[in-house]
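Chemist: Dumping the structure here so I can ask a few things about it.
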Amino acid sequence: MDEPDASRDSRKHQRNGPAADTRMHGVFTDADTGRLTYALSLSDSCLTVQRINPPSSPPSSSSEHLDLRDCLGSRAHRGEREDQGAYLCAYFYPHRRRWMSSSPVRQRDERRFRLVLNTEDNNDDDEEDVNLREAERWARAIRNSTARSMGNTHGVLFSEVRRPCGVMVLVNPQSGRGQAMALYNGHVQRMLTEADIPHTLVITERPNHARDLVRNADLTQWDALVILSGDGLLFEVASPVCGEDLLTSCGFQLCKGQTSALDLISIHLSSGVRLFSFLSLAWGFVADVDIESEQFRQIGDLRFLLGTLVRLASLRVYQGKLAFLPAENQPETHSGEIKLLDHLLVPLDQPVPQDWTLVEEREFVLVLAMFQSHLSEDLMAAPDARSDDGTMHLFYVTAGISRAALLRLFRAMQSGTHLDLGCPHLVYRRARALRLEPLSPAGIMTVDGERVEYGPVQAQVHRGVARLISS
C-alpha cells in the first residue's frame, strides 16, 4: 500500500473506504487525546496501523502490522456526552516474551481509535449516527477477517465452534488455593466480553455438584463447557457428558473457538459403573502417591515430592493380572458411533479374547495407562502420546526394581526420557483396550487422579469423539 499522503489529513478530504490492495482503509485519531492521526488498513490477515505526521514534520514510513490470528474481537461505541465521534476497539493477545520468562506468553494489547467523518451537510444527530455506523462497519469487518484468518496452528488442524456461541463456565472456588474466582473475574470474564461470547457462570458448592448439574442440565443451550478448577472437576464433568499466563492462553483459545479432537476412554468398574476418562488410569505406586499425599495438600505441589519419598521408603508390591489388546492388532479408526459401544470388551467375568496379550508377570510396583502425554505439569509420562491418537500408552513396573532405580525413572520422566534408561523392570506397550485384575486384597486405583472403587477394571479407547478447546 502506498504511504498515506499527510496533506490529505484535513477533515474535508477524510473518507473511509476500500483501498486497492486492502479490504478497508480509513483515517482515525487516537482515542485519548485526538491529536495523533493514524491510517488504518484492513486485510484478511492483518490490521495495519500507520501514524500520519503533520505536513510540517518529516514523513513517517514505519507501519505496525497486527496479526488477526491474535485478535480476540472488536467493537464500536459512541462517545460520551457532547462527543460526536465514535470509537473503534480491537483486542489482541500476541505472544510476547516477558522479562525473566523462559518462553513467550500471550499478553493483552487493546487498541482504541476515534473516528469523526466529514458530515458538513448533516445535523448533529445524523453526524453521530454516521460515525457510529462507520465504526461498527470496521468492527464487523475486523471480526469477520479474524474468523477467516484461523487455520492450522502448531501442526494441529482446528475446526471452528459455530459463532455466535454460548458457554457454561464452571468454577470451583476452592481450586488453585482459592484463587479460581479471582482468575475468572480478572481474566476470563473480560476476555469473553471482548469476544462477545455470552456465558453462564456456575459456582460449584460441594463434591459432585458439577456432575449432578451436567447430568440434569439441557446441554443444548451451550456450545462449550469451561472449567476453572483442577482435573477433579473436569473428571466430574466428563463422565455424565458422555454417558495467570496459562489461563490467558486458554481463554484466548476459548474465545477464538478453536478446537481439536480428544480421545475418551470408556472404563468399566467391577460394580458395573461406567466412567469416561481423558487422562490416566493408575494402580500401585502412582495412585498411592496421588491419594495418600492429600494429607500434605497444605504445602501445595510439594506434597507429591513428599508423598513420593514416603512411598519409596516403604515400597509396596501388588499382585494382579494384566491383559491388553495391542494397538497393532486393531485397525486404527476414528470412532463414529454415537453411543460409544465398547465392542472390544467382553464382560469382566469372561476370559479376554484370544487376540489379547496376557502379561506373564503377576507382581507389580505400578500399572499406569496414559491417554495424554503429561501426567502432571512436570511429568511427561508418555512423550509420544497425542490427544487423538486412539491409543492407550500402557506402562508397568515389575517387582524387583530398587528404590534408587524407581527414583531415577521419575526424575527422567520430568523430561520424558525415562524409556531411554533401559530399565529392565519398566515395560511400555501401546494398546486399544486393557483389563486389570488386582489380586492383592487392598490397594488404591485412580481414574484421572480421582479415587475409584478398588477391583477388576477394563477400558477401551474411543478415538477423537470429544472436542477440546486448545492451542
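Chemist: For the range 1-86, give me every one of the strands (runs of 3 or more DSSP E) that falls completely inside it and has 3 or more residues that are at pLDDT 85 or above and not acidic (Asp, Glu).
Modeler: Because the criterion is at least 3 residues that are at pLDDT 85 or above and not acidic (Asp, Glu), the strands (runs of 3 or more DSSP E) in the range 1-86 that meet it are 24-30, 37-42, 46-52, 71-78.
Chemist: Here are some residues: GLY257, GLY251, GLY243. Which one is at pLDDT below 75 and open to solvent by 20 Å² or more (accessible area, probe 1.4 Å)?
Modeler: Residue meeting the stated conditions: GLY243.
Chemist: Would you point out the residue of the range 331-344, among those that are within 27 Å of TRP283 (Cβ to Cβ) and at pLDDT below 65, that is least open to solvent (accessible area, probe 1.4 Å)?
Modeler: Restricting to residues being within 27 Å of TRP283 (Cβ to Cβ) and at pLDDT below 65, the top hit is SER335.
Chemist: Now a separate question. Specify which of the listed residues (GLU363, GLU377) is open to solvent by 30 Å² or more (accessible area, probe 1.4 Å) and touching a Phe, Trp or Tyr at 6+ places or on another chain (Cβ under 8 Å).
Modeler: When all the criteria are applied, what remains is GLU363.
Chemist: Are any residues in the range 357-379 more than 17 Å from ASP290 (Cβ to Cβ) and part of a loop (DSSP other than H, G, I, E, B), and if so, which ones?
Modeler: Within the range 357-379, VAL359, GLU360, GLU361, ARG362, SER373 qualify.
Chemist: Condition first: part of a loop (DSSP other than H, G, I, E, B) and open to solvent by 100 Å² or more (accessible area, probe 1.4 Å). Now tell me which residues in the range 199-222 satisfy that.
Modeler: The first filter runs over the range 199-222 and keeps only residues part of a loop (DSSP other than H, G, I, E, B), leaving 204-208, 217-218, 222.
Listed by number, the residues that qualify are GLU205, ARG206, PRO207.
Chemist: Restricted to the range 59-76, and to residues that are out of contact with any helix residue (DSSP H, G or I) (no Cβ under 8 Å at 6 or more places or on another chain) and not charged (D, E, K, R), which residue is surrounded by the most Cβ atoms within 10 Å (Cβ to Cβ)?
Modeler: Restricting to residues being out of contact with any helix residue (DSSP H, G or I) (no Cβ under 8 Å at 6 or more places or on another chain) and not charged (D, E, K, R), the top hit is LEU66.
Chemist: I'd like the full set of residues that are part of a helix (DSSP H, G or I) and modelled with pLDDT of 95 or more, limited to the range 316-330. Before the answer, list the steps.
Modeler: Our first condition is that a residue be part of a helix (DSSP H, G or I); within the range 316-330, this holds for 327-329.
The answer is none; no residue qualifies.
Chemist: Shifting gears a bit: Answer with yes or no whether ARG386 is open to solvent by 30 Å² or more (accessible area, probe 1.4 Å), out of contact with any strand residue (DSSP E or B) (no Cβ under 7 Å at 6 or more places or on another chain) and either of a type in the set (Val, Ile, Thr) or under 23 Å from LEU315 (Cα atoms) (or both).
Modeler: no
Chemist: Any idea which residue in the range 416-471 is nearest to the chain's Cα centre (by Cα), counting only those that are buried (at least 18 other Cβ atoms within 10 Å of the Cβ) and β-branched (Val, Ile, Thr)?
Modeler: ILE469
Chemist: Next question, about the same structure. Confirm whether TYR428 is under 12 Å from ALA282 (Cα atoms), modelled with pLDDT of 95 or more and either aromatic (Phe, Trp, Tyr) or part of a loop (DSSP other than H, G, I, E, B) (or both).
Modeler: No; evaluated as a whole, the condition is false for this residue.
Chemist: Considering only the range 155-181, state which residues are modelled with pLDDT of 80 or more and either among the basic types (Lys, Arg) or under 27 Å from ARG75 (Cβ atoms) (or both).
Modeler: Within the range 155-181, VAL167, MET168, VAL169, LEU170, VAL171, MET181 meet the criteria.
The values are calculated or read from the model by the stated rules, or taken from the named source; none is laboratory data. From a predicted model like this one, the values you see are computed outputs, not experimental measurements. Reconstructed Cβ throughout: ideal geometry from the backbone, glycine too, with neighbour counts over all protein chains shown. What goes into the accessible areas is simple: the full protein's heavy atoms, side chains included, and nothing from ligands, DNA or RNA. Shrake-Rupley method; radii C 1.70, N 1.55, O 1.52, S 1.80 Å.
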